Amino acid sequence: MELHMEYYLVISTIMLFAGIYGFITRRNLLAVLISIELILNSVDINFAVFNRYLFPEQLEGFFFTLFAIGVSACETAVAIAIIINIYRNIRNIQVKNLNELKEETTDKAIGNERI
Amino acid sequence: MVYANFLLMKEEISLVTVIVILLIYDIFGSPKSLKYFQPTACILVGIHILLNIWPSPDVTAFGGMYHSTAMGGVMKSILSIGTLLVFMQANNWLSSERAIIRRGEFYMITLATLLGMYFMISAGNFLMFFIGLETASIPMATLAAFDKYKQKSAEAGAKYILTAVFASGLSLYGISLIYGTTGTLYFEDIPAGLNSSPLQMMAFVFFFVGLGFKLSLVPFHQWTPDVYEGAPTSVTAYLSVISKGSAAFVLMVILYKVFAPLVNEWQAILYWVIIASITLANIFAIRQQNLKRFFAYSSISQAGYIMLGVISGTAMGMTGLVYYVLVYMLSNLAAFGVIAVVEHRSGKITIDDYNGLYTTNPRLSFVMMIALFSLAGIPPFAGFFSKFFIFAAAAQQGYYVLVFIALLNTIISLYYYLRVVKAMFINKNEQPIARFNSDNYSRASLVVCSAGILLAGILSIVYESIGMFSFGM
């Protein structure tokens, strides 16, 4: 017996929206980064599943997955380097402390600390 | 595998050569010889531009992965010229004590992003497009965070990379759905599989986010003012012109070639995106005091105008878009050149600081004035002609209401562009920015930009020679 394709797609969709939700609500830069990784991984699942079930005669989807994994590793590396640089400058990585750049008229937004 | 395929990628190979030469020079050059790093970089990029100035005919290599058109070649030349101008303006900042140790990195990272844009422009497959997009946007974040000891710069870098990766993740999700419904990633084969089913519509909207982010069109524009303000001025100039120009061109090519069967749907989406971009950005720009933030909003509304060339879907729209990018590049780089020089000499960046600049630095004020006039679209400067052509292309397809709204917005934009001109020429100031002489590189780049602004519109050969290579849907 074989699993249907829909099961995989449901999982990848849940991962995508969990990632979007996390990106919007998390207050810690690393948690935001993890949410983004969820999005990128859901894409990898999608490509692999489409390739395996719908177009098994060629390998385009698998190759795209390989490249996407490599590129997302680069992105994480650069993002973490920048986050470390922020830590050196202001000694923490809470999103609410990234308030140097903003509209001059807006008030300081105060967010809850989570994670 | 035919290795001769590599020789077809002329522009990319010559750019890689430039990067490798600069890398070796930076690593092995003695401290004394590194004094000549800046002129060497400029000369090498100049040679690279001259070698590729005449666009080669259409080329397809690697089984369709790489597809270069003559129009893409024109666009690549324009982007390289812009990069050269940015290099000339960056010298001031890079020779300062803090940045000089990392000077070589700036050139290499910038050229690496340019290489990514080249690949993006001549992609024939979504995999190639994706790799190009990421090669262009990941190093850009490191450029934004280049001033390591400034909190603003680090913050700009973080904001850029997080939103960039988020946008490209959504874009990838869209591409995966397109792959799932059509079974291919090649631009050539996808149109046959598109039938505007709801899933494909969703896929297209997701895909649009990625390039909309790079272009900073309105629903995806939130990062723009912050990153533009925090990044070093030369990086802001690069970001606002080169990155945006390449994204506009690629979006147009993909919409024309890949999403041609969905033309009604994407035109409807673009219609509202254009109105929102132009109008909202203009309203926000009025309130800005910081010049870099001001130009961020100005660039968002300019991106809306650029999209007017895309929505028409004709060869004329394509010519208009490339010409608009060229003119916008010259005008914006002239403005940013002045901002960079003034910031370097006096550290001042708000509009009020520019009060009375004319009394002390008349020539800089004059360059800034013609740049702003060109951005606002006042004849006889080139900006007028670029707006004219792009409006004509959209009106030809019957978008009269859209063109009318865009016209109204040029009047609003005139108000805030003139605010800067008024500050420089009319407002009195007890202590204006002191008189100074700018260095030769900045001066040369400003002269090139001003000459371009004055001549690109009047000499019809510029528009006509771009028009020779354009194609419609």
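The values are calculated or read from the model by the stated rules, or taken from the named source; none is laboratory data. A quick note: this is a predicted structure, and the numbers were derived from the prediction, not measured. Neighbour counts run over all protein chains shown; Cβ positions are idealised from the backbone, glycine included.
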Worksheet item: Would a scan of the stretch A:56-64 turn up a residue that is within 10 Å of the chain's Cα centre (by Cα) and buried (at least 18 other Cβ atoms within 10 Å of the Cβ)?
Response: no
Worksheet item: In the stretch B:452-473, which residues are loosely packed, with under 15 Cβ neighbours inside 10 Å, part of a loop (DSSP other than H, G, I, E, B) and small (G, A, S)?
Response: B:G472
Discussion item. Exactly one of these conditions fails for B:S299: (1) within 28 Å of B:G212 (Cβ to Cβ); (2) out of contact with any Lys or Arg (no Cβ under 7 Å at 6 or more places or on another chain); (3) not basic (K, R). Give me its number.
Written reply: (2)
Worksheet entry | The one condition in (1) in a helix (DSSP H, G or I); (2) within 7 Å of chain B (Cβ to nearest Cβ); (3) of a type in the set (A, V, I, L, M) that A:L101 fails to fulfil | (1)
Worksheet item: Mind checking which residues of the stretch B:1-46 are of a type in the set (F, W, Y) and not in a helix (DSSP H, G or I)?
Response: B:Y3
Practice prompt. Name every residue in the stretch B:48-79 that is assigned to a loop (DSSP other than H, G, I, E, B) and of a type in the set (V, I, T), in order of residue number.
Written response: B:I53, B:T69
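Residues checked against (1) over 20 Å from B:G132 (Cα atoms); (2) among the aliphatic types (A, V, I, L, M):
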| position | (1), (2) |
| --- | --- |
| B:F28 | yes, no |
| B:K32 | yes, no |
| B:S56 | yes, no |
| B:G64 | no, no |
| B:L94 | yes, yes |
Item to complete: Please go through the stretch B:420-444 and pick out each residue that is touching a residue at least 60 places away in the same chain (Cβ under 8 Å) and not hydrophobic (A, V, I, L, M, F, W, C).
Response: B:N427, B:K428, B:N429, B:P432, B:R435, B:S438, B:D439, B:Y441, B:S442
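To keep it simple, each residue is scored yes or no on (1) hydrophobic (A, V, I, L, M, F, W, C); (2) assigned to a loop (DSSP other than H, G, I, E, B); (3) surrounded by 20 or more Cβ atoms within 10 Å (Cβ to Cβ); (4) touching a Pro at 6+ places or on another chain (Cβ under 6 Å).
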{"position": "B:T181", "(1), (2), (3), (4)": "no, no, no, no"}
{"position": "B:E188", "(1), (2), (3), (4)": "no, yes, no, no"}
{"position": "B:A192", "(1), (2), (3), (4)": "yes, no, no, no"}
{"position": "B:S196", "(1), (2), (3), (4)": "no, yes, no, no"}
{"position": "B:M202", "(1), (2), (3), (4)": "yes, no, no, no"}
{"position": "B:F206", "(1), (2), (3), (4)": "yes, no, yes, no"}
{"position": "B:G210", "(1), (2), (3), (4)": "no, no, yes, no"}
{"position": "B:K214", "(1), (2), (3), (4)": "no, no, yes, no"}
{"position": "B:P219", "(1), (2), (3), (4)": "no, no, no, no"}
Response to the item:
Filtering the stretch B:426-451 for residues that are over 23 Å from the mean Cα position of the chain (by Cα) and either crowded, with 18+ Cβ neighbours inside 10 Å or outside any helix (DSSP H, G or I) (or both) leaves a count of 14
Fill in: Only one of B:V327, B:V235, B:V273 that is in contact (Cβ under 8 Å) with a residue 12 or more places away in the chain, of a type outside the set (K, R), out of contact with any Lys or Arg (no Cβ under 6 Å at 6 or more places or on another chain) and under 21 Å from B:F469 (Cβ atoms)
B:V327
Discussion item. Is it the case, given these coordinates, that B:T142 is of a type in the set (V, I, T) and in contact with a Leu (Cβ under 9 Å, 6 or more places away or on another chain)?
Written reply: no
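Residue by residue, here is whether (1) in a helix (DSSP H, G or I); (2) over 30 Å from B:Q267 (Cβ atoms); (3) β-branched (V, I, T) holds:
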{"residue": "B:V322", "(1), (2), (3)": "yes, no, yes"}
{"residue": "B:L333", "(1), (2), (3)": "yes, yes, no"}
{"residue": "B:F336", "(1), (2), (3)": "yes, yes, no"}
{"residue": "B:I339", "(1), (2), (3)": "yes, yes, yes"}
{"residue": "B:R363", "(1), (2), (3)": "yes, yes, no"}
{"residue": "B:F384", "(1), (2), (3)": "yes, no, no"}
{"residue": "B:G398", "(1), (2), (3)": "no, no, no"}
{"residue": "B:V401", "(1), (2), (3)": "yes, no, yes"}
{"residue": "B:F404", "(1), (2), (3)": "yes, no, no"}
Worksheet entry | Criterion (more than 12 Å from chain A (Cβ to nearest Cβ) and touching a helix residue (DSSP H, G or I) at 6+ places or on another chain (Cβ under 6 Å)) met by exactly one of B:Y160, B:Y173, B:Y186, B:Y118 | B:Y118
Worksheet item: Out of B:L115, B:L143, B:L133, which single residue is surrounded by fewer than 24 Cβ atoms within 10 Å (Cβ to Cβ), among the aliphatic types (A, V, I, L, M) and either on the phi < 0 side of the Ramachandran plot or modelled with pLDDT of 95 or more (or both)?
Response: B:L115
Response to the item:
When the stretch A:47-66 is checked residue by residue, the ones that are in a helix (DSSP H, G or I), facing chain B (nearest Cβ under 10 Å) and closer than 19 Å to B:D189 by Cβ are A:F47, A:F50, A:N51, A:E60, A:G61, A:F63, A:F64
